[in-house]
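S.K.: Here it is, the structure in full.
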Amino acid sequence: MKNTIKPLLFAFLGLFAAIAQPVFGQRSGGSTPTAKEAPAGEIPRLQNGKPNLNGVWNHPYVPDMAKSTKAGGMSQEGPGTLPFTPAALAAFEKYDPAVDGDYTGACLPFGYLRSFNAPYPIQIMQTPEYIAFLFEQNTWFHVVPMGKQHPAQPEPTWFGDSVGKWDGDTLVIDTIGFNGKTRLDTLGHQHSDALHVIQTLKRLDAQHLQMELTVDDPKTYTTPWKNTRVFALMKPGQGLLEYSCEENNRDLTQGHIHLPAK
Amino acid sequence: MAVALRVFLTTFALTVSSGAQWLTLPTKGLPRTADGKPNPAAPAPRASDGKPDLSGLWRLNAGPGHAANIVADLKDEDVEPWAEALYKRRLGDLGRDDPWTVECLPAGPRAVIMGGNGPARIIQTPGVVAILYDDLTYRQIFLDGRTLPKDPNPSWMGYSIGHWDGDTLVVESSGFNDRTWLDMGGHPHTEALKMTERFRRTSFGHMDLRVTYDDPKAYRKPWTISFGVGFVPDTEMLEYVCGENEKDSKHLVGRTAEEKKVIVPREVLAKYVGVYETADTTGTALTASRFEVTLAGDQLMIAMAGNGKMPLVPLSQTTFSPRLLGTYEFVADATGAFNKMIAYSTEGDVIAVRRPGPR
């Protein structure tokens, strides 16, 4: 299961994302009863009246958040070029994962945005108090408590500290408290520990979910910028598969993985 | 980070309020007494479908006894000889090749009795219940009527389905690979392993768990362990990244060649048997104050705070390791009587003296 040269391969995997989908037809299912689906155009809702985001979602693989792509019912739109500060641009142009090392090769967490940018499905679990994102990528997760405030001094973490609230039918998630050790995407667009992500999720219809990301990081980018994408609900019965990065990862255990210096 | 922190935190599991030292965040909707303290005796909440709602932060830990030795309640002859031999080898190596704590692989069935390193979060929705562990892995338990896969791709965390038996959530799991351990001591299992968990939330603050193991290729009969777990109020989970700054694994050599040669005669082991109570500490995370040392055949065992027996692996004639929770030395007084035991750990030492009385 472990793809030991994953960081380098990811750049190429984007091409295969569409081709790879039939493999996932083997996802567990078959014996699953058909989920109750809302009629097209209507948004399913929870008992509390909020849009129901529960489900396993297919979404665009985004190795490069600057670009725009479209595949099937899914699309994503980036700003074209990113408003780098001069120092950040110089650092980005110098970055070469083959030389500098990509932390994901050592099975370290992708971090918040890169987990959404990874090629594998995401399951959303929603209760009135919490939204949880279950990422197939490395079987990681992230929990968003609803209606809370950020702690005054959040512990710097790989996935950050999130708080969620409803603005009408739009879920707004605010995330800060990053450790600054991750990159935004496979291409290596960087961020600092000052990263602030504003994320909105809006169920467009029974089958589609739109996510808009605003990346605000004054240490890296001169102005906030956006990336918008559309997720598609997977078929009833299709679920997440298990993913272990460490499994049979001899490149890592035998010391062949080049770790970033810092 | 791989091993040291995990052992440290397991030690912490013995304390009640350790989580509060990390983060203090009031839990929304928590029933409280008049003085504002959490009220664990309040009734268990119900989900919108009328079923008990298990959602929340829980310390899903069976305690160090079963965590160290999951078959503590089985007879020796119920463990297949190959499984016993493999367990003994892993124990003798002090867990140096532990797939979870050393190789950073998924916990597998151990998640069920250890729940990660700190609190774990249960999120319950009508069709699926997820258990999120602080090592950033999760389990999904499907309640949508599906059946367990007949010929599954063996997986680390297994496949789980659940149903309600009255107010008890019954979870059946199978489809595990055979690479994980059932406990910290290293009891193995095969791909035939089936587990049944029964979750019953008896009050806001308490849940009873029963876990039945059935693996006829390794154990001659099924067995069940029972334990209670507590709701963890007014805090949040923190990330635990096993591979972060990992520098331990190359230093884990198990026992040295010299230590492997150590054989402590039964009559010497018998001198250590007794109940020891803490007399002094130099500052330690080990909060147990009562240690019961017993002998089972030629195997010295230790139980902490009534939490089940763990085998002690000899490192010398007087020094032993249960792998979990430090190293233990029995110290003779001027008359040659062993009335003192010192538990060494990174966080400080515990000096315990033998309680007078018959052995």
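S.K.: I'd like to know if region B:282-303 contains one or more residues that are of a type outside the set (Asp, Glu) and more than 25 Å from B:ASP183 (Cβ to Cβ).
M.R.: If we filter region B:282-303 for residues that are of a type outside the set (Asp, Glu), which is where we start, we get B:282-291, B:293-297, B:299-303.
If we keep only those that are more than 25 Å from B:ASP183 (Cβ to Cβ) as well, we get B:282-283.
For region B:282-303, residues of a type outside the set (Asp, Glu) and more than 25 Å from B:ASP183 (Cβ to Cβ): present.
S.K.: Across region A:163-182, what is the total count of residues that are more than 9 Å from chain B (Cβ to nearest Cβ) and in contact (Cβ under 8 Å) with a residue 40 or more places away in the chain?
M.R.: 7
S.K.: Let me ask something else about it. Please go through (1) at the interface with another protein chain (Cβ under 10 Å from one of its Cβ atoms); (2) modelled with pLDDT under 95; (3) touching a Pro at 6+ places or on another chain (Cβ under 8 Å) for A:ASP102 and return the number of the only condition it doesn't satisfy.
M.R.: Going through (1) at the interface with another protein chain (Cβ under 10 Å from one of its Cβ atoms); (2) modelled with pLDDT under 95; (3) touching a Pro at 6+ places or on another chain (Cβ under 8 Å) one by one, A:ASP102 breaks only (1).
S.K.: Conditions: (1) farther than 24 Å from B:ILE141 by Cβ; (2) in a loop (DSSP other than H, G, I, E, B); (3) within 14 Å of another protein chain (Cβ to nearest Cβ). A:LYS219 meets all but one. Number of the miss?
M.R.: If we test A:LYS219 against (1) farther than 24 Å from B:ILE141 by Cβ; (2) in a loop (DSSP other than H, G, I, E, B); (3) within 14 Å of another protein chain (Cβ to nearest Cβ), just (3) comes out false.
S.K.: To continue, here is another question. Hey, can you tell me all the residues within region B:39-91 that are surrounded by fewer than 17 Cβ atoms within 10 Å (Cβ to Cβ), part of a helix (DSSP H, G or I) and either of a type in the set (Gly, Ala, Ser) or in contact with a Leu (Cβ under 9 Å, 6 or more places away or on another chain) (or both)?
M.R.: Of everything in region B:39-91, just one residue is surrounded by fewer than 17 Cβ atoms within 10 Å (Cβ to Cβ), part of a helix (DSSP H, G or I) and either of a type in the set (Gly, Ala, Ser) or in contact with a Leu (Cβ under 9 Å, 6 or more places away or on another chain) (or both), namely B:ALA85.
S.K.: Within region B:244-337, considering only strands (runs of 3 or more DSSP E) that don't extend past its boundaries, which have at least 1 residues that are of a type outside the set (Asp, Glu) and more than 24 Å from B:PHE227 (Cβ to Cβ)? Give the steps one after another, and end with the answer.
M.R.: Working: elements: B:274-281, B:290-296, B:299-304, B:309-311, B:319-321, B:327-332.
By residue number, B:274-281, B:290-296, B:299-304, B:319-321, B:327-332.
S.K.: Still on this model: Kindly indicate whether any position in region B:146-158 is among the β-branched types (Val, Ile, Thr), over 22 Å from the mean Cα position of the chain (by Cα) and at the interface with chain A (Cβ under 9 Å from one of its Cβ atoms).
M.R.: Kept after step one, since they are among the β-branched types (Val, Ile, Thr), are these residues of region B:146-158: B:147.
Of the ones still in play, those that are also over 22 Å from the mean Cα position of the chain (by Cα) are B:147.
If we keep only those that are at the interface with chain A (Cβ under 9 Å from one of its Cβ atoms) as well, we get B:147.
Yes: one or more hits.
S.K.: Considering region B:121-139 alone, what residues qualify as being in contact with a strand residue (DSSP E or B) (Cβ under 6 Å, 6 or more places away or on another chain) and touching a residue at least 60 places away in the same chain (Cβ under 8 Å)?
M.R.: Filtering region B:121-139 down to residues in contact with a strand residue (DSSP E or B) (Cβ under 6 Å, 6 or more places away or on another chain) leaves B:121-123, B:125, B:128-133, B:138-139.
Once the filter is applied, which keeps residues that are in contact with a strand residue (DSSP E or B) (Cβ under 6 Å, 6 or more places away or on another chain) and touching a residue at least 60 places away in the same chain (Cβ under 8 Å), region B:121-139 yields B:ARG121, B:ILE122, B:ILE123, B:VAL129, B:ILE131, B:LEU132.
S.K.: Is it the case, given these coordinates, that B:THR256 is surrounded by fewer than 18 Cβ atoms within 10 Å (Cβ to Cβ) and of a type in the set (S, T, N, Q)? Show your work before the answer.
M.R.: On the way: surrounded by fewer than 18 Cβ atoms within 10 Å (Cβ to Cβ): yes; of a type in the set (S, T, N, Q): yes.
So B:THR256 passes the test.
S.K.: Further question on the same structure: Could you please tell me which pairs satisfy a Cβ distance under 9 Å, a separation of 6+ or placement on different chains, a first residue in region A:131-146 that is under 17 Å from A:LEU53 (Cβ atoms) and within 7 Å of chain B (Cβ to nearest Cβ), and a second residue that is in a loop (DSSP other than H, G, I, E, B) and aliphatic (A, V, I, L, M)?
M.R.: Listed pairs, sorted by first residue: A:LEU134/A:LEU240; A:PHE141/B:LEU136; A:VAL143/B:MET237.
S.K.: If you don't mind, there's one more thing I want to ask. Restricting attention to region B:231-266, and to residues there that are closer than 27 Å to A:SER244 by Cβ and among the charged types (D, E, K, R), which single residue is nearest to the other protein chains (Cβ to nearest Cβ)?
M.R.: Ranking the qualifying residues of region B:231-266, first place goes to B:GLU239.
S.K.: While we're on this one: For B:TYR240, work out the one condition from (1) in a loop (DSSP other than H, G, I, E, B); (2) under 20 Å from B:HIS66 (Cβ atoms) it doesn't fulfil.
M.R.: The failed condition is (2).
S.K.: Same structure, new question: Testing A:THR157 on (1) free of Cβ contacts under 8 Å to residues at least 12 places away in the same chain; (2) on the phi < 0 side of the Ramachandran plot, one condition comes back false. Which one is that?
M.R.: If we test A:THR157 against (1) free of Cβ contacts under 8 Å to residues at least 12 places away in the same chain; (2) on the phi < 0 side of the Ramachandran plot, just (1) comes out false.
S.K.: Next question. Do we have any residue at all in region A:159-168 that's assigned to a loop (DSSP other than H, G, I, E, B) and aliphatic (A, V, I, L, M)? Don't jump to the end; show me each part of the working.
M.R.: Applying the first criterion (assigned to a loop (DSSP other than H, G, I, E, B)) to region A:159-168 yields A:159-160, A:168.
Going one step further and asking which of them are aliphatic (A, V, I, L, M), we end up with none.
Looking for residues that are assigned to a loop (DSSP other than H, G, I, E, B) and aliphatic (A, V, I, L, M), one finds none in region A:159-168, hence no.
S.K.: Also, quick follow-up: Restricting to region B:129-139, count the residues that are in a strand (DSSP E or B) and facing chain A (nearest Cβ under 7 Å).
M.R.: The initial filter retains those residues of region B:129-139 that are in a strand (DSSP E or B), namely B:129-132, B:138-139.
Narrowing further to those that are facing chain A (nearest Cβ under 7 Å): B:130, B:132, B:138.
Going through region B:129-139 one residue at a time, the tally reaches 3.
The values are calculated or read from the model by the stated rules, or taken from the named source; none is laboratory data. Please read these numbers as outputs of a predicted model, since none were measured by experiment. For neighbour counting, all protein chains shown are included, and Cβ atoms are generated from backbone atoms with ideal geometry for every residue, glycine included.
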